[in-house]
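**Q** The structure that follows is given in the form of structure tokens.
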Amino acid sequence: MEVILAIIVGFMYAAGIYLILRRSLVKLIIGLIILGNGVNLLLFLLGGITKGHPPVIGESETFLAGVYADPLPQALILTAIVISFGLQAFAMVLLQQEYVQGGVEDLDSIKEEEEEK
Amino acid sequence: MNDNLILLPIILQLALALILLFFWSRTKWQRIGSIVGNAAFLLVSIVLFIKVQKEGILYTQAGNWDAPYGITFVADLFSASMLVITALSGLAVSIFAAGSMSRRRSLFVFFPIYHFLLMGISGSFVAGDLFNLYVWFELIIVASFGLITLGGGRRQLEGALKYVTLNLIASILFLTGIAFLYGLTGTLNMAHIAQKIPQIENEGLITVTALMFFIGLGIKTAVFPMYFWLPASYHTPLSAISAIFGGLLTKVGVYALFRVFSLFFLPDSFTATVITAVAALTLIMGAMGALIQKDVRKLFSWLIVCHIGFMIAGLGIYSSVALAGAIFYLFHDIIVKTNLFMISGLVHKLTGTFKLKKLGGLYTQYPKITFLIAIPLFSLVGIPPLSGFWPKLLLIQGGLEVQEYLIIGAIVLGSFVTLATIAKFWLEVIWKEQPGSDYPKHFIPFRELNWTQKAYYTLPIAILALVSLYFAIGVEFVVNIVNQIAYDLMNPEQYIRVILPDQ
């Protein structure tokens, strides 16, 4: 399981970086989304994958017994998903505005305009 | 000492932001609220600073859970003094924004977002937990995204695009580093990580993680070779917004680098070499970039990049003298860079342009303002006894102790080029005859304002100039403080013992 996840994480990083390096604005945002999901999966993987109970102490017990899943990475991923969702929504609106106002779809054309000024 | 006072600056800024949201269209109340609120913020920070100085490191645990489990907030002398400096420039920018932000252009949301930004900045200074630090960083960038696109002209959107993309990538890399570290140590509490790291046998993996942090935070800090987004975006927003960005945002990254690399990634020879080389190259490239700029704000943006090199150099040399110099430079730089961008706003208000070619004649037309501007500019260059001189002296002294002559060379070169660019600025803006004064349409020049409106422009610059002067006159006090901070950073045992007393 760990090996498969590691390969998937590597693939997502590679795909994300490849898409960021393309010149199209749409591919840029898709690349950022894939990278963001890749890092969430990496957190999940490095938090340690266990087949165990949820970390809840039963009514008759005083401590956690047996194998239980680490709740922290899940909390972290949840936070990271929420944050990246907000940021990506913002980035999409920004790119859309860029397209509407300037008709820019290609990142290269932005650079050229800056040099003219 | 357990003390909930640490949380007060954060809560204050949160409350301010929320309250100001209710004054949506009553811009006058927003201005007053922001200025009064930031004055209170300054007061709270000073109280916290005095308390930390008297009682040592303060901390508080979220929900009263003990250290490795609960989320820790810590205020040591470094955090507390950063809060005071932040509050000073925050207050100045509040006043400046109250005067310079036109009603038409987005005054509605500026102040609430601005206070969310300050909340994120104060939060990251007191975070004792790595993931918490990440969340504060995200809060900062969300707020800064809002501010940098405010007004939304075409050029501004293009600057924002670069800023947003690079910051998102930086966050992803920083989070990757955190994931690695969690996998290695199984904890996120910074003091706990510091305890666990020496027990890990795989040192190569720690170096990789350390460099991942350096890249992630380095993009935010704008060090070589990851600084290109900064000069491409910082000249586009309104002057008040550039001021807070130029003064504080990159410096939060510097703070995090100092914290992380002094507490748990103690620089080994490889990391130290990388950091020193990056610092030298940042100094040189930033200086070269600044030399050829024709726009006031672009020139200042490149100077930000250049001067980041001084602070990173202190981290690279890593002796207590050099660290003290770097931290002194950090304090000085926040104040002076905030002031520089406010000055660029004032110059724009005086003459109607940012282009060096079209500027001129300030000395003959506004001698008093010229005198006011001279103080921060001379401080920036570091003419003794002004504030830029002392940290550089400490840095060079620290470099000589460990015989790092290359970095000393870069520091001297960076200082000289700063002098050259400021001399150019002085020549073009102050001494040269103005080649014709045609204001843009709908532009109300400075001379037509009444005296309260003029005060909104000049008072914040004067406040920060006074702080710069205080760094020069009260240098003994400041040097004592930074020496204490450098000692604390070099000996993190104290910090760890306060947070994890049982282990």
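The values are calculated or read from the model by the stated rules, or taken from the named source; none is laboratory data. Everything numeric here is computed off the predicted structure, so don't read it as measured data. Glycine also receives a Cβ, built like all others from the backbone with ideal geometry; neighbour counts cover every protein chain displayed.
**Q** What is the one condition in (1) in contact (Cβ under 8 Å) with a residue 24 or more places away in the chain; (2) within 13 Å of chain A (Cβ to nearest Cβ); (3) surrounded by fewer than 23 Cβ atoms within 10 Å (Cβ to Cβ); (4) not small (Gly, Ala, Ser) that B:Leu175 does not satisfy?
**A** Answer for B:Leu175: the failing condition is (3).
**Q** For residues that are assigned to a helix (DSSP H, G or I) and surrounded by fewer than 22 Cβ atoms within 10 Å (Cβ to Cβ), scanning just region B:178-192, find the one that is farthest from the other protein chains (Cβ to nearest Cβ).
**A** Checking each candidate, the answer is B:Thr185.
**Q** When region B:113-140 is examined, which residues are found to be at the interface with another protein chain (Cβ under 10 Å from one of its Cβ atoms), surrounded by fewer than 24 Cβ atoms within 10 Å (Cβ to Cβ) and aromatic (Phe, Trp, Tyr)?
**A** B:Phe131
**Q** Which one is nearest to the chain's Cα centre (by Cα) among residues in region B:254-279 that are crowded, with 24+ Cβ neighbours inside 10 Å and among the small types (Gly, Ala, Ser)?
**A** B:Ala256
**Q** Counting only residues that are outside any loop (DSSP other than H, G, I, E, B) and of a type in the set (Gly, Ala, Ser), which one in region B:95-113 is modelled with the highest pLDDT?
**A** Taking the candidates together, the pick is B:Ala97.
**Q** I'm checking my understanding of the structure. Among residues of region B:48-61 that are in contact with a helix residue (DSSP H, G or I) (Cβ under 8 Å, 6 or more places away or on another chain) and loosely packed, with under 15 Cβ neighbours inside 10 Å, which one is farthest from B:Pro501 (Cα to Cα)?
**A** Within region B:48-61, the match that is farthest from B:Pro501 (Cα to Cα) is B:Gln53.
**Q** Scan region B:459-491 for residues that are of a type in the set (Gly, Ala, Ser) and closer than 24 Å to B:Ala256 by Cβ and jot them down.
**A** Once the filter is applied, which keeps residues that are of a type in the set (Gly, Ala, Ser) and closer than 24 Å to B:Ala256 by Cβ, region B:459-491 yields only B:Ala486.
**Q** Let me ask something else. I'd like to know if region B:326-335 contains one or more residues that are of a type outside the set (A, V, I, L, M, F, W, C), within 24 Å of the chain's Cα centre (by Cα), in a helix (DSSP H, G or I) and surrounded by fewer than 24 Cβ atoms within 10 Å (Cβ to Cβ).
**A** No, region B:326-335 contains no residue that is of a type outside the set (A, V, I, L, M, F, W, C), within 24 Å of the chain's Cα centre (by Cα), in a helix (DSSP H, G or I) and surrounded by fewer than 24 Cβ atoms within 10 Å (Cβ to Cβ).
**Q** Only residues that are at the interface with another protein chain (Cβ under 7 Å from one of its Cβ atoms), at pLDDT 85 or above and outside any loop (DSSP other than H, G, I, E, B): list them for region B:141-168, please.
**A** B:Val142, B:Phe145, B:Ala160, B:Leu161, B:Val164, B:Thr165, B:Leu168
**Q** Look through B:Leu406, B:Leu380, B:Leu386 and report the one residue that is assigned to a helix (DSSP H, G or I) and touching a Ser or Thr at 6+ places or on another chain (Cβ under 7 Å).
**A** After ruling out the rest, the residue left standing is B:Leu380.
**Q** Which of the residues spanning region A:87-109 are of a type in the set (Gly, Ala, Ser), surrounded by 13 or more Cβ atoms within 10 Å (Cβ to Cβ) and closer than 25 Å to A:Asn37 by Cα?
**A** Within region A:87-109, A:Ala91 is the sole residue that qualifies.
**Q** Then there is this: Checking the conditions here, which among B:Ile241, B:Ile200 is modelled with pLDDT of 90 or more, of a type outside the set (Lys, Arg) and touching a helix residue (DSSP H, G or I) at 6+ places or on another chain (Cβ under 9 Å)?
**A** On inspection, the qualifying residue turns out to be B:Ile241.
**Q** Taking the condition of being touching a residue at least 24 places away in the same chain (Cβ under 8 Å) and under 20 Å from the mean Cα position of the chain (by Cα), how many residues in region B:432-469 meet it?
**A** Summing the residues that are touching a residue at least 24 places away in the same chain (Cβ under 8 Å) and under 20 Å from the mean Cα position of the chain (by Cα) in region B:432-469 gives 9.
**Q** Same structure, new question: Inspect all residues belonging to region B:61-70 and state whether any of them is touching a Phe, Trp or Tyr at 6+ places or on another chain (Cβ under 6 Å) and under 19 Å from B:Asn189 (Cβ atoms).
**A** no
**Q** Now for a different question. Step by step: first the residues of region B:205-218, then only those that are within 13 Å of chain A (Cβ to nearest Cβ) and crowded, with 21+ Cβ neighbours inside 10 Å, then the one that is nearest to the chain's Cα centre (by Cα). Which residue is that?
**A** Restricting to residues being within 13 Å of chain A (Cβ to nearest Cβ) and crowded, with 21+ Cβ neighbours inside 10 Å, the top hit is B:Gly216.
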